[in-house]
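The values are calculated or read from the model by the stated rules, or taken from the named source; none is laboratory data. Just so we're clear, the structure is a prediction, and the values are computed from it rather than from any experiment. Note that we place each Cβ from the backbone using ideal geometry, even for glycine, and neighbour counts take in every protein chain shown.
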There are 2 protein chains.
Amino acid sequence: MAQTRILPPADNAHQYPLLIKQLLMSGPRYSPDQEIVYANRSKYTYTDLVERIHRLANALTDAGVKPGDTIAVMDWDTPRYLECFFAIPMIGAVLHTVNVRLSPDQIVYTMNHAEDDVVMVHDDFLPILEGVKDEIKTVKHYIQLSDEPSAKSTSLNSLGEYEALLAKAGAQFDFPDFDENSIATTFYTTGTTGNPKGVFFSHRQLVLHTLAMTGSLSAYDEIPLLRSSSVYMPVTPMFHVHAWGVPYAATMMGIKQVYPGRYEPELLVDLLKEHKVTFSHCVPTVMQMMMATESIKTADLSNWHVLIGGSALTRGLCDAGARLGISMYTGYGMSETCPLLSVTHLKPEDLELPLEQQTSKRIKTGIAVPMVNLEIVDPEGNPVPHDGEAKGEVVARAPWLTQSYFKEPEKGEELWQGGWLHTGDVASMEPDNTLVIKDRIKDVIKTGGEWLSSLDLENLISQHPAVAGAAVVGVPDEKWGERPHALVTLKPGEEASLEDIQSHLKKFVDSGEINKWAIPGQIDFVEDIPKTSVGKINKKLIRDQLK
Amino acid sequence: MAQTRILPPADNAHQYPLLIKQLLMSGPRYSPDQEIVYANRSKYTYTDLVERIHRLANALTDAGVKPGDTIAVMDWDTPRYLECFFAIPMIGAVLHTVNVRLSPDQIVYTMNHAEDDVVMVHDDFLPILEGVKDEIKTVKHYIQLSDEPSAKSTSLNSLGEYEALLAKAGAQFDFPDFDENSIATTFYTTGTTGNPKGVFFSHRQLVLHTLAMTGSLSAYDEIPLLRSSSVYMPVTPMFHVHAWGVPYAATMMGIKQVYPGRYEPELLVDLLKEHKVTFSHCVPTVMQMMMATESIKTADLSNWHVLIGGSALTRGLCDAGARLGISMYTGYGMSETCPLLSVTHLKPEDLELPLEQQTSKRIKTGIAVPMVNLEIVDPEGNPVPHDGEAKGEVVARAPWLTQSYFKEPEKGEELWQGGWLHTGDVASMEPDNTLVIKDRIKDVIKTGGEWLSSLDLENLISQHPAVAGAAVVGVPDEKWGERPHALVTLKPGEEASLEDIQSHLKKFVDSGEINKWAIPGQIDFVEDIPKTSVGKINKKLIRDQLK
């Protein structure tokens, strides 16, 4: 370690650990009367938000919650949840954002694994917890979250309803200082195999993520996503990587926030219209559902900027959005990365093109945001060239990456190798530092010494007029290492043969887009392609079936 | 200390200390071809900047510079200086930005006190150092900074000229990680008495200051000072609190930067015009000089945003600027605070007013920026009401305040009391959290149990048609504690008596603006008001003379 010069502070100087409570100062200071809206139900001001956070801290403390305890939340996207984002970490406790889409068994697993002390649960999820309550080991109390005037009766050990508890609690709480490396939040990420794994983020990490977000989503005139005059509505759930961390940034800036509750497409579109929402983040599936509504046809969406993540933003979706006036951008990150790593980066000259012609820029994974170091590396960990061709695994350094998996240090060691977080994604890097994600590393097909992107190949096969869908996996091959094997579904009434698809792909070999060994020797024409519970192609199952 | 939950990282996880080298990643990544301009002399790209920083690091290391060493710089505002802002801290050394306006004796004092190892010095300042070189104790080498093709000959122990050293040095340097609390920069602040005092800032502090700057100067549509499409030209010197930290933020964002060299008003205006500068920061005196040039009359300044600090932005200057199309904003901070504490905060509705009518908002000290906690307190340290009336000393908490004075811990203890940095400024706080600075605490007049602002009183006296200038100090008074005593200069050919001024002030008593004990019983009509070397009224000298 270099012998740098470190000077002691004055004895009574303030060390200023980075704490989430500091993110709550500037928004109410700038915009005390700014609104926070709960769907078409209610609204309140930033001044109210602050008071409610103080009341929630008192209510939890009155209920015996201590620093270091873990409080689970099962709610839709609500201002209540925003209050939990602040109050729970601010008293020194850990916020566990429960993925309400998990199976009841998995929810129990995560609650027991996280050692939750208190669970705050919306009426809609009471039946789930009542059904498994004997298996929940560490939870002492439940707090009910209700959109109705009175709380439902429940067999859970309930302290009462949230609003009633807040009304009873004191309006002033003295939030303490503590170590900035204290854990603020935890949640579980699911793969196709094994139990959910717990990631965790400290106060310091969330503060830095928030500050860097304004350096990336606010400061660029080409991507003016998050500005003081923005109106923000999340459309990825708050249990999903803190709604990508945007509620913290929006609150720090004092901008108007609209929380939609449940994700009902017609409701979402109505809220867009009513509140003139300018910024959302969204996964492609939900965007497709919103775009399929009748009411979207009469909406002016020319000022709606949407950050797309979770899965790839396709050219088709981006173009269809552009025709409705929607500006879409790709964000890249994952549960382990808090999540922000990179965002679409347009140049001023890109904006002079019609929206449709900007698509090829917008569907790329963008450029790493400030403070983030992204690299693509070969299996030995050596960087591969940034020529837009060579592929490598995406590895990251940033001040806000989960430092391990909770109580599974051996999996943490796998995630972190050589001081870099390994994302498991394969990408190329263009000479202008734009990242282009190609595949999951476990789905990439290693053939003839090259990495072949299963996603690229699926896209090319899908361009055949008879094809409805395609899935490609690698199967072992003595000569080539692996060879691609495709599953194809055809459009109703259409027909195609192995040779038809092969000669379709041969055109891309001739144009130099793929190598000739990328053409699958085997194609199964099937009725359905196996999918996971969240609608992704289940390539592990396909590989298993092909064995 | 609260028992929060702190989890260990995976053994090979990256701890990611906050280091200045991280501020150099995103700008070149976003805008490798963006320009950095040196007046009307030369320009280069961000890609060049990175290479030159690597070369400078090698040149310094080749010259024997080690982590923990201190490198002083005496230069005008140049891209060279920007390179020093990065390369010197990035190798683990301390950058000492020398105030070239100090007397030679004071410069020697600061160099000896900081224990400088190497001094980088512009040709223009060689004579100063040659004249005092035997008194400079710790400096081993000098590096010459020249705008001419060949270096001047000198009696100093010179390693040669900067450009020649860079040309010889390697183009790749492996910048190490080290403790984020390592000191990155130091410089000296001067008062009216005593020796200059050294403040110091760590890597962590400068990174956080930079990130928060985008959260305040970029994210607000009402104060769009620093955006990716901005063109930035500093007009407060780089030795003065790192040009308020803006070069770090501008570089992080990859925006065009124009360094003017010397502050010659005509040159500054020419650069404004040629490069369509959109953002500068400036002290009132230099702004007045620029506004007095002939060439400014033909400049389109409607997109020039200027942050004014150092001394108060007066209504007159702000109005005169507005008539030229210039948008001025007040920034508040000091050497001890890195410096950013608060900035003018306009509301959307303020922007609907004509520029002239926005003045009363723009001349206030604004609202604390994100992560900053500002309070006004009475002499016992208790907060006073935020009613726009009550006055108190401004105290601050923020993650980027000097933690003490270098080698003068007892002065650091005075600066820090009760965990708050005491600014020595007296202000009121309006109900909307806007800070309004009233006076320096040592200049405020404590009369009849109230704090009377000497600045306010000077402004009122100056409104008398015969008055050219005024200075007011408190003098001891048995009954009132202190009473105001005024020094007044009259305009050429004008006359006024004690009674004239008193009856002029009586109008403000009648309108409730001041109390009747604010009317000075004694006024000295003088030829000149004593000023300090930097042009501020020397109230200490006036008080001494009145004793």
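A compact table of results
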| item | result |
| --- | --- |
| Residue within the range A:70-82 that is within 14 Å of chain B (Cβ to nearest Cβ) and farther than 27 Å from B:Ala219 by Cβ present | yes |
| Unique residue being farther than 24 Å from A:Leu317 by Cα, of a type in the set (Gly, Ala, Ser) and more than 11 Å from chain B (Cβ to nearest Cβ) when the list is A:Gly412, A:Gly388, A:Gly392, A:Gly418 | A:Gly392 |
| Meets criteria (closer than 24 Å to A:Val372 by Cβ and more than 14 Å from chain B (Cβ to nearest Cβ)) for A:Ile437 | yes |
| Condition check for A:Thr447: farther than 29 Å from A:Ala390 by Cα and in contact (Cβ under 8 Å) with a residue 60 or more places away in the chain | no |
| Residue match in the range B:362-370 (condition: more than 18 Å from B:Phe201 (Cβ to Cβ), polar (S, T, N, Q) and out of contact with any Phe, Trp or Tyr (no Cβ under 7 Å at 6 or more places or on another chain)) | no |
| The range B:191-206 - residue that is within 11 Å of chain A (Cβ to nearest Cβ) and touching a Phe, Trp or Tyr at 6+ places or on another chain (Cβ under 6 Å) and, of those, farthest from B:Phe125 (Cα to Cα) | B:Gln205 |
| The range B:464-520, subset hydroxyl-bearing (Ser, Thr, Tyr) and part of a loop (DSSP other than H, G, I, E, B), residue surrounded by the fewest Cβ atoms within 10 Å (Cβ to Cβ) | B:Ser511 |
| Test: residue in the range B:96-103 that is touching a helix residue (DSSP H, G or I) at 6+ places or on another chain (Cβ under 8 Å), under 25 Å from A:Gln15 (Cα atoms) and within 14 Å of chain A (Cβ to nearest Cβ) | yes |
| Pairs, first facing chain B (nearest Cβ under 7 Å) in the range A:1-23, second outside any loop (DSSP other than H, G, I, E, B) and surrounded by fewer than 17 Cβ atoms within 10 Å (Cβ to Cβ), C-beta under 6 Å, six or more apart | A:Ala10/B:Glu413 |
| Residue that is surrounded by fewer than 19 Cβ atoms within 10 Å (Cβ to Cβ) and over 30 Å from A:Asp544 (Cα atoms), where the choices are A:Glu161, A:Glu180, A:Glu130 | A:Glu130 |
| Hits in the range B:26-45 - residues which are under 27 Å from B:Thr185 (Cα atoms) and in contact (Cβ under 8 Å) with a residue 60 or more places away in the chain | B:Ser26, B:Gly27, B:Pro28, B:Arg29, B:Tyr30, B:Ser31, B:Gln34, B:Glu35, B:Ile36, B:Val37, B:Tyr38, B:Ala39 |
| Among the residues listed as B:Met290, B:Met328, the single one being within 23 Å of B:Glu430 (Cβ to Cβ), crowded, with 19+ Cβ neighbours inside 10 Å and within 19 Å of the chain's Cα centre (by Cα) | B:Met328 |
| Residue match in the range B:70-87 (condition: hydroxyl-bearing (Ser, Thr, Tyr), surrounded by fewer than 20 Cβ atoms within 10 Å (Cβ to Cβ) and under 23 Å from B:Phe178 (Cα atoms)) | no |
| Residue match in the range A:207-223 (condition: more than 9 Å from chain B (Cβ to nearest Cβ) and more than 30 Å from B:Lys256 (Cβ to Cβ)) | no |
| Residues that are in contact with a Pro (Cβ under 7 Å, 6 or more places away or on another chain) and among the small types (Gly, Ala, Ser), drawn from the range A:255-291 | A:Ser280 |
| Test: residue in the range B:442-451 that is closer than 30 Å to B:Gly521 by Cβ and among the basic types (Lys, Arg) | yes |
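To keep it simple, each residue is scored yes or no on (1) at pLDDT 95 or above; (2) more than 24 Å from the chain's Cα centre (by Cα); (3) over 21 Å from B:His504 (Cβ atoms).
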{"site": "B:Glu413", "(1), (2), (3)": "no, no, yes"}
{"site": "B:Thr423", "(1), (2), (3)": "yes, no, yes"}
{"site": "B:Asp432", "(1), (2), (3)": "no, yes, yes"}
{"site": "B:Ile437", "(1), (2), (3)": "no, no, yes"}
{"site": "B:Arg440", "(1), (2), (3)": "no, no, yes"}
{"site": "B:Asp443", "(1), (2), (3)": "no, no, yes"}
{"site": "B:Asp456", "(1), (2), (3)": "no, no, no"}
{"site": "B:Ile461", "(1), (2), (3)": "no, yes, no"}
